[in-house]
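Just so it is clear, none of the values below were taken in a lab; they were calculated from the coordinates. Note that the structure is predicted; figures quoted are calculated from it, not measured. Using ideal geometry, Cβ is built from the backbone for each residue, glycine included, and neighbour counts are taken over all protein chains shown.
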Amino acid sequence: MLKVVVTGPLAVGKTTFVSTVSEIKSRHTEERMTQAGALVDQLDGYRADGEAAKTHTTVGTDFGRLTLDERMVLYLFGSPGQQRFRVLWDDLVRGALGVLVLVDTSRLEAAFEVMDMVEAADVPYAVGVNRFPTSPVHSLGSVRAALDLSPGTPLISVDARDRDECLDALIAMTRHVLAPLESV
Ligand SMILES: Nc1nc2c(ncn2[C@@H]2O[C@H](COP(=O)(O)OP(=O)(O)OP(=O)(O)O)[C@@H](O)[C@H]2O)c(=O)[nH]1
Ligand SMILES: [Mg+2]
């Protein structure tokens, strides 16, 4: 079993990503976002209303499975995005082969804290940049600089609703994880 964690700040498309790529019916622990959560969940105008309103959020984990080839079956765990669920992080990342961090260019600063946690976990990772209609378009180079990624860290543009793009992101991540192992 190859465990992969999909993480990132609130509402970047983690749950969407896991359900898009999973070959089994993915499992989710979504709860309706309520007014009671408004004070702690930092949506700050973040698709909180309007047509693309965000009504649900992940409170546990998303789970899906993806067979890349007969030797490589990925078990995907999507993390919650809200800061108050950070207590789950250590358990979630334990034993992970790699991490895919999703970021949204309209709130890159929200990714810093997540990047710190990922770095601290000492698990190899790749970064996927999601495109939302309202997000400013930044070149991958400027995102790399803003997130201070090392040159070897894969950085891929990905639409979490597009299966091929999600597969490309996961393949880039697994290649990055496996490359050092293959050279020994
Ligand atoms: N345009 C666009 N919309 C997306 C993309 N990924 C997700 N969405 C939409 O963004 C909204 C939030 O997606 P979720 O998958 O719930 O995000 P999440 O990261 O799991 O959210 P939390 O669990 O609350 O942190 C949904 O309405 C998705 O349809 C993307 O790549 N592009
Ligand atoms: Mg989610």
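Under the criterion of Cα pairs below 8 Å and six or more residues apart, the relative contact order for segment 103-184 equals 33 percent.
Summing charges over all other residues whose Cβ lies under 14 Å from the Cβ of Asp69, with Lys and Arg as +1 and Asp and Glu as -1, gives +1.
Computed log10 I(q)/I(0) for segment 2-182 at 0.09, 0.12 Å⁻¹: -0.28, -0.52, from the Debye equation with unit scatterers placed on every C-alpha and solvent omitted. Note on the chain: with a GNM built from Cα contacts shorter than 10 Å, the maximum mean-square fluctuation among Thr55, Thr29, Thr16 falls on Thr55. Helix by helix through the chain, keep the DSSP H runs that span 15 Å or more along the axis on Cα and average at least -1.0 on Kyte-Doolittle, and give those back in order. Helices meeting the criterion: 109-121, 163-182.
The listed peptides 59-67, 87-95, ordered by packing as a protection proxy, come out as 59-67, 87-95 (highest mean of other Cβ atoms within 10 Å first).
For the chain, averaging the sequence separation of C-alpha pairs within contact (under 8 Å, six or more residues apart) and dividing by the residue count gives a relative contact order of 26 percent. Of the residues Arg144, Arg71, the one with the fewest other Cβ atoms within 10 Å heads the list, and the complete ranking is Arg71, Arg144. Only Lys, Arg, Asp and Glu carry charge here, each on its Cβ (+1 for the first two, -1 for the last two); on that basis the chain has a dipole of about 300 debye about its Cα centre. Among Met115, Met72, sorting on how many other beta-carbon atoms sit within 10 Å of each Cβ, with the fewest leading, yields Met72, Met115.
Shown for Ser79, Ser106: other C-beta atoms within 10 Å of each C-beta, ranked fewest to most, produce the order Ser106, Ser79. Given springs between every Cα pair under 10 Å in a Gaussian network model of the chain, which of Ala172, Ala120, Ala111 has the largest fluctuation? Per the Cα network of the chain with a 10 Å cutoff, Ala120 tops the list. Within segment 2-182, antiparallel bridges make up roughly 35 percent of the DSSP beta bridges whose residues both belong there.
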